[in-house]
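Colleague: Quick one: the structure is below, and I'll ask about it shortly.
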Amino acid sequence: MRTPLVVGNWKMHGSCAMARELCDGIVAARSQYDGVDVGVCPPYVLLPLVAETLRGSGVRWGAQDVSEQVSGAYTGEVSAAMLKEFGAELVIIGHSERRAMYGDTDALTVLKLRQAQASGLLPILCVGETLEERKADRTEQVVARQLDALLQQADAAALLERLVLAYEPVWAIGTGETATPAQAQAVHAFIRGRIGGSAAGALRILYGGSVKPGNASELFAMPDIDGGLIGGAALKSEDFVAICAAARGRLATA
């Protein structure tokens, strides 16, 4: 049984007061999602406060991106070693916003993934298609290309042992649109099939695309959806906790 994982991606939202209140709310409701692996990824500047607030709670935390470089004259960048030394456990890599707005390529995501793993971080590698690509019936082609950047590495099997994948249809992020459970399941099953072998059975694949308390249970009931990468709903503790609790329901039906 793959342990469900729910991670909140706060994106560029938050303040010190908001971060403290949100983390306190998540920790206070811990009994509602026992058995679920839960984490949050705030902006870099809020990491110290989040680390302090979550200390000893069992809730994991990490960053929304990481440099592909070890160190050096890279103004504005943060290395994987820095994050790990500070106590981070997770890092999101290849989010659609990084790909679309900042030019992160498939090859670059693999470099970042390697840095994360080398420093002991658990990378959450994002893949997914745009609305235009879906309408053109290119979903599988696009997702396969993004996956193959990893799968074509000589040490792909070792890389797959220490990562989480997240399928995020770009057309369903922040739009209010959500892939139906059947649509999401179909792509998750394709991803698992593309990977193949024992690695596919062990790999956790999250769904990210306007997950809310009202649709989380139905999405998480799908056999190949192991949790969620949550955006807007992760900014309210009640909503985020409800989604985490929905993932707990997956354990009950296993």
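Colleague: Output yes when any residue across segment 87-95 is buried (at least 18 other Cβ atoms within 10 Å of the Cβ), touching a Leu at 6+ places or on another chain (Cβ under 9 Å) and either part of a helix (DSSP H, G or I) or among the acidic types (Asp, Glu) (or both), and no when none is.
Modeller: Initial filter on segment 87-95 (buried (at least 18 other Cβ atoms within 10 Å of the Cβ)): 88, 90-95.
Now drop any that are not touching a Leu at 6+ places or on another chain (Cβ under 9 Å), which leaves 88, 90-95.
Applying the additional criterion that residues be either part of a helix (DSSP H, G or I) or among the acidic types (Asp, Glu) (or both) yields none.
No, segment 87-95 contains no residue that is buried (at least 18 other Cβ atoms within 10 Å of the Cβ), touching a Leu at 6+ places or on another chain (Cβ under 9 Å) and either part of a helix (DSSP H, G or I) or among the acidic types (Asp, Glu) (or both).
Colleague: In the set Ile205, Ile225, which member is under 30 Å from Glu21 (Cβ atoms) and of a type in the set (Val, Ile, Thr)? Steps first, please.
Modeller: Numbers: Ile205 fails: under 30 Å from Glu21 (Cβ atoms).
Answer to the selection: Ile225.
Colleague: Among the residues of segment 24-42, which ones are under 10 Å from Val241 (Cβ atoms) and assigned to a loop (DSSP other than H, G, I, E, B)?
Modeller: Within segment 24-42, Ala29 is the sole residue that qualifies.
Colleague: Would you be able to say whether some residue in segment 56-76 is surrounded by 20 or more Cβ atoms within 10 Å (Cβ to Cβ), in contact with a strand residue (DSSP E or B) (Cβ under 8 Å, 6 or more places away or on another chain), part of a helix (DSSP H, G or I) and at pLDDT 95 or above?
Modeller: no
Colleague: All but one of (1) within 14 Å of Ala189 (Cβ to Cβ); (2) surrounded by fewer than 24 Cβ atoms within 10 Å (Cβ to Cβ); (3) touching a Gly at 6+ places or on another chain (Cβ under 8 Å) hold for Tyr207; which doesn't?
Modeller: Tyr207 satisfies all of (1) within 14 Å of Ala189 (Cβ to Cβ); (2) surrounded by fewer than 24 Cβ atoms within 10 Å (Cβ to Cβ); (3) touching a Gly at 6+ places or on another chain (Cβ under 8 Å) except (2).
Colleague: Would you be able to tell me the number of residues in segment 123-141 that are surrounded by 20 or more Cβ atoms within 10 Å (Cβ to Cβ) and either touching a residue at least 60 places away in the same chain (Cβ under 8 Å) or outside any loop (DSSP other than H, G, I, E, B) (or both)?
Modeller: Restricting attention to segment 123-141, the residues satisfying the condition of being surrounded by 20 or more Cβ atoms within 10 Å (Cβ to Cβ) are 123-129, 139.
This time we only want the ones that are either touching a residue at least 60 places away in the same chain (Cβ under 8 Å) or outside any loop (DSSP other than H, G, I, E, B) (or both), so: 123-128, 139.
Qualifying residue count for the region: 7.
Colleague: I've got another one for you. Name the residues in segment 204-214 that are touching a helix residue (DSSP H, G or I) at 6+ places or on another chain (Cβ under 8 Å) and outside any strand (DSSP E or B), would you?
Modeller: Narrowing segment 204-214 to residues touching a helix residue (DSSP H, G or I) at 6+ places or on another chain (Cβ under 8 Å): 205, 207, 209-213.
Across segment 204-214, the qualifying residues are Gly209, Ser210, Val211, Lys212, Pro213.
Colleague: Only residues in segment 205-220 that are farther than 18 Å from Leu251 by Cβ count as the first member; pair them with residues that are part of a helix (DSSP H, G or I), Cβ under 6 angstrom, at least 6 apart or cross-chain, and list the lot.
Modeller: Listed by first residue and then by second, the contacts come to Gly209/Ala172; Ser210/Ala172; Lys212/Ala233.
Colleague: Could I ask something else about it? Which residue, of Gln117, Gln69, is over 15 Å from Leu229 (Cα atoms), more than 16 Å from the chain's Cα centre (by Cα) and not small (Gly, Ala, Ser)? Working first, answer last.
Modeller: Details: Gln117 fails: more than 16 Å from the chain's Cα centre (by Cα).
Just a single option satisfies the conditions, and that option is Gln69.
Colleague: Any residue in segment 146-157 that is of a type in the set (Gly, Ala, Ser), under 22 Å from Val38 (Cβ atoms) and either without any contact (Cβ under 8 Å) to a residue 12 or more places away in the chain or not in a helix (DSSP H, G or I) (or both)?
Modeller: The first filter runs over segment 146-157 and keeps only residues of a type in the set (Gly, Ala, Ser), leaving 149, 154, 156-157.
Now narrow it down to the ones that are under 22 Å from Val38 (Cβ atoms): none.
No: segment 146-157 contains no residue that is of a type in the set (Gly, Ala, Ser), under 22 Å from Val38 (Cβ atoms) and either without any contact (Cβ under 8 Å) to a residue 12 or more places away in the chain or not in a helix (DSSP H, G or I) (or both).
The values are calculated or read from the model by the stated rules, or taken from the named source; none is laboratory data. Keep in mind that this is a model prediction, so the values were computed, not measured. Glycine also receives a Cβ, built like all others from the backbone with ideal geometry; neighbour counts cover every protein chain displayed.
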